[in-house]
Structure formats: structure tokens, C-alpha cells
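Each remark here refers to the structure printed beneath this line.
The values are calculated or read from the model by the stated rules, or taken from the named source; none is laboratory data. Note that this is a predicted model, so its numbers are computed, not measured. Counting neighbours? That spans all protein chains shown, and the Cβs are built from the backbone with ideal geometry, glycine included. Remember, those area values only see protein heavy atoms, side chains included, never the ligands or the DNA or RNA. Shrake-Rupley method; radii C 1.70, N 1.55, O 1.52, S 1.80 Å.
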Amino acid sequence: MTHMFRTAGLLRSGYDIDQVDEFFTRARKAYEGEVPEQMTGRDVRLGAFDMVRGGYRAEAVDGALDRLERAFVTRQRAEFVATHGQQAWLEHLASQARTLYGRLARPDGERFAPAPRHEQGYEPDDVDALCQRLIDYFDNGQPLTSDEVRHAHFRRAKGRDAYGEPAVDAFCDRAIEVLLGVE
């Protein structure tokens, strides 16, 4: 049997092969216009697969997902520019970037709501460090890529000593969209 990706081996866990194969087949058909279904870079980024013994190696699939997302965003940008012009695309990105500034303007330790009591969340110092990098990118032109945001690692914290994960994850998704739009 031919697989799209290398497997993790029989004793290790990886992404469910059938789910990954179905997702990539659907994505290819959407990208090539073989189906009316629309797919965006965000749809690719939010793709998730069950972990199963003997599945695909996660790092191989994740790398392919990153490339696929970039391809969808590049095509979306080209289509938008062809229809509305380069200036409209830049204004669209500026509008998306402005949605990040509300959080970026808040003081360290107060950018996101705390995690619910007794639940895991993200270490605020780690998240605030990434936010500072975004501020430096937007205000001072310091280099930052979508991959750096995508692969940012936040240590775990608990309850009131942590930022809640959903808001941080949504914020990072928006930052990735903005950065991909200019890369």
C-alpha cells in the first residue's frame, strides 16, 4: 500500500492515515477547482487529525499543511489583487492587523483573560514575549515570519496564573493570516 507520508511505525502514534488522506484529497480537488467546495488557508490551518498507533508522522504532515496553507493564501492574494488591486489588498491586511492592536496595546500580564479555575492555559510571559515581537514587527519593522508565530511554544500554566488558550490561539491565527498576507 502506498502512503502519502511516512508512518510513525507500529508502536508509535501518528495522525490517522484515512483522515489525512481524505483531507489532502479534498484540498487538492478544491485547489484545482474540481469541486465547488471552497477552501482557504485558514481551513488548512485548522485541520486536525486523530492520533492513532501507526499513523502518519506528525512532523511530515504538519510541514505539508504549512506549505498547503501558504499555497491557498498565495492564490487568494493573487485573486484578490487581480479583482480589486494591490492597494485594496494592502488596506485589507491593514484592517486585519488593526484587529490585533487592541490586545497588543494592553500591558503585559493583562492581554488575555485568565484560564478558567483549575484548567491549563499558557504562561503569560511566553505569550507576552510573542506579542512584543509582533509590536516590534508592526511598529519598528523588525523581522517576524508566520512560521515563527505558528511554531511559537508557550509553557503551560494553570488557572488564574495562565492565559486562556482559546483567545490566545485565535489571536495567533489572525497574526498568522496577516503575516502570510505580506510574505
Open item on the list: Quick check: from the Cα gyration tensor, does the chain come out rounded (a/c under 1.5), prolate or oblate?
Closed with: oblate
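With the Cα gyration tensor of region 79-174 in hand, give its eigenvalues times 5 under a square root as the equivalent ellipsoid semi-axes, listed largest first in whole angstrom.
On the way: eigenvalues 170, 36, 28 Å².
The answer is 29, 13, 12 Å, longest axis first.
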Open item on the list: Could you identify which residue out of 121, 159, 41 has the top mean-square fluctuation in a GNM of the chain using Cα springs shorter than 10 Å?
Closed with: 159
Open item on the list: Can you give the Rg/Rh ratio of region 58-118, where Rg is from the C-alpha atoms and Rh is the Kirkwood radius?
Closed with: 1.17
Open item on the list: Cut-off 10 angstrom, C-alpha nodes, Gaussian network model of the chain. Which of 164, 33, 54 fluctuates the most?
Closed with: 33
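At a 1.4 Å probe, what is the % contribution of carbon and sulfur to the accessible area of the chain?
50 percent
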Task: Cβ-derived FRET efficiency at R0 22 Å, residue 66 paired with residue 22, nearest 0.05 - done: 0.70
Open item on the list: If you average the alpha carbon positions of region 126-160 and of region 69-97, how far apart do those two centres end up, in angstrom?
Closed with: 23 Å
TODO: Quick one: grab the alpha carbon gyration tensor of region 1-106, order the square roots of its eigenvalues as a ≥ b ≥ c, and give me rounded if a/c is under 1.5, else prolate or oblate depending on whether a/b is larger than b/c.
DONE: oblate
TODO: Identify which of 34, 148, 69 has the largest mean-square fluctuation in a Gaussian network model of the chain, with springs joining Cα atoms closer than 10 Å.
DONE: 34
